[in-house]
Structures are given as C-alpha cells and as structure tokens.
Amino acid sequence: VTYKVSVRPVPTDRHPAALVCFEDVTHLEQAEHMRRDFVANVSHELRTPLTAIMGFIETLQGPARGDPKGQERFLGIMLKEAQRMNRLVGDLLQLSRVEANERMRPTEWVDPVALIKSTVGGLAQLAEAAQVSVTCTLPEDAFQIKGDEDQLRQVLVNLIENGIKYSGQGAQVSVTLLAPSYEDRLRCQAITIRICDTGPGIEQHHLPRLTERFYRVDNHRSREKGGTGLGLAIVKHIISRHRGRLQITSQLGKGTCFAMVLPVG
Ligand code: ADP
C-alpha cells in the first residue's frame, strides 16, 4: 500500500496544531506502473521488426548487391516484418478504441446465429490452409441479443483464429451456441458461446494471465504464427463492455475451450 502524506497547519487560539492526511494512492501508482509497462512493451514489440528491416536494408545495400536470389528472399522477410508491424498498430488502435467506449453499453440488436455463420464462413480459407476443420452447433430458431455486431464479430474472429493457429494440422475447432429456449431466455437472459479446439492445450498456471496485454504462453510460437499478443486483451474488453463473462479451460494434450456468457438484453 502506498500513502501520500500531507501536513497542513491548523490555526488555533492556544497550541500550535497540524492536520496530517494519509491518502491511499496505491491504485494510482499501480495504474502508472501498468502504463509504463505498456509503453515499454509497445516499444519493444515495434522495435523488433524495425531492427530486422533495417538490418536487411543494410544487407541489400552491401553484401547482397549482386545476388538476385538473396535479394528476393530478404525482401520477402522484410515484407513479413512490415506486415507484423501493421498488425500490431491495428490491434493497438483497436484496443484503445475498445477501452475508450467500454462504459458505453451497446444499443444494436444482433442475431448471434447469423453472426457465427458468417464469421466462420469468412475464416474458411484460413482453416483450409491450416488443415483444421471448423464445425458449428447452433440452435434452429433465430433470435437477437443486444450487442455491437462489429465487436462481437472481432471476438469470434480472435478466438476462432487462435484455435486454428495454435491447434495445427488435423485439429478440430468447434463453435457452439447454447441458447435457452424462448421461455427460459426470458427467465435467465443469457446465452453461451463456446469455442473449443483439439490443440495442444495450455498449462493451468497461464490461464489467469492469458487476457493480459502482450502475455504469451510461448513467445516464439506466437510470433511465428503472426500473433501480436493483444488478441485476448481485446476479447476481454469487448466482453466486459457487453457485461459478459469469459471462462477459459484447458487440458494439456487435449485442447482449450473459451466460453463466453453474454446477457440477452
Ligand atoms: P497472440 O496474438 O499471441 O495469439 P492472444 O492474446 O490472442 O495473442 O493469445 C495469448 C496467448 O495465448 C498466445 O500467445 C498463445 O500462447 C495462447 N493461446 C491463445 N489461444 C490459444 C489456443 N486456442 N490454444 C493454445 N494456446 C492459445
């Protein structure tokens, strides 16, 4: 606990007196600490691809001058690094937008069944290229929940993409929407969307920290897969804006499940 102490003289008739105030500033200090950590992380994440690009430019100007094959290879790597920076800046902007409007409740109505179908459709090519099958289990009847369609789509994309990215060839990703019947919906007022994969799983001690910005289980693997380390932080803020909950369960060697519970109205 950190206190800010201030002393003020109190005018009295007889004895000299003073008022000593102790103000608990722990939360301010923690916020400042987090901000500094964040800036340091962002600088590091941007500098890594930038350093690689600068190194390859020097190689192209010098040793690789007369080597067209090498030039092509280096340009390919430079493009990949530039794309990584672009993804990072995009995710940073998105995170700051999501954080900025976290207190504003969404006002649109969204059909979650249609949203899941179109999102999974949009990721079909990625899944095919990774040789991962994505299946959906959805209720028959159409209904709506209150939400921000673009943001909910982003949550689905981030979770399904992670399932595809980290599970690898031959794995399965299943998307299940558990919606109560019409009567129950009126009573319990919440739906659950589960995204599970048959990938490598995550050790238990990582689970509570997964939604922190830039937290990665395996730094090298995440970078290799083009991850920015911000996907689940964005997911957490969007779900919180919808007054929902995110639950992560995982078993090593069996797979990982992300379940979000979203209020209907
Ligand atoms: P990244 O951009 O690195 O994927 P995320 O915030 O989306 O960042 O995820 C944080 C970390 O959680 C990842 O780096 C990865 O180590 C781990 N992770 C996320 N989803 C899965 C999954 N479905 N299976 C295994 N590990 C996962």
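The values are calculated or read from the model by the stated rules, or taken from the named source; none is laboratory data. In this text the structure is predicted, and so the values were computed from the model without any measurement. A quick note on method: Cβ atoms are made from the backbone with ideal geometry, for glycine too, and the neighbour counts reach across all protein chains shown. Quick note on the areas: whole protein, heavy atoms, side chains included, nothing else; ligands and nucleic acids left out. Shrake-Rupley method; radii C 1.70, N 1.55, O 1.52, S 1.80 Å.
Summary of computed values
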{"item": "Shape category assigned to segment 92-163 from the gyration tensor of Cα positions, a/c cut at 1.5", "result": "oblate"}
{"item": "Overall form of segment 147-265 per C-alpha gyration tensor (a/c, 1.5; a/b vs b/c)", "result": "prolate"}
{"item": "Overall form of segment 1-97 per C-alpha gyration tensor (a/c, 1.5; a/b vs b/c)", "result": "prolate"}
{"item": "Relative counts (whole %) of C-alpha pair distances in the chain, using bins that are 10 Å wide", "result": "6, 23, 27, 20, 11, 7, 4, 2, 0, 0"}
{"item": "Relative contact order computed over the chain (Cα-Cα under 8 Å; 6+ residues apart), in percent", "result": "16 percent"}
{"item": "Heavy-atom accessible surface of the chain: percent carbon and sulfur, 1.4 Å", "result": "54 percent"}
{"item": "Within segment 84-185, trypsin sites (Lys or Arg not before Pro) in DSSP loop having at most 12 other beta-carbon neighbours inside 10 Å", "result": "103"}
{"item": "Per residue accessible area in Å² of segment 1-119, where ligands, DNA and RNA are left out and the probe is 1.4 Å", "result": "76 Å²"}
{"item": "Heavy-atom accessible area order for 93, 159, largest first, 1.4 Å probe", "result": "93, 159"}
{"item": "Kyte-Doolittle mean at least -1.0, axial Cα span of 18 Å or more - DSSP H helices of the chain", "result": "26-61, 68-100, 149-167"}
{"item": "Lysines with Cα under 26 Å of residue 165, excluding same-chain neighbours fewer than 8 positions away", "result": "80, 117, 225, 236, 254"}
{"item": "In Å², nearest 10: area of residue 136 left accessible to a 1.4 Å probe", "result": "60 Å²"}
{"item": "Residue-normalised accessible area of segment 208-265, expressed per residue, 1.4 Å probe, Å²", "result": "47 Å²"}
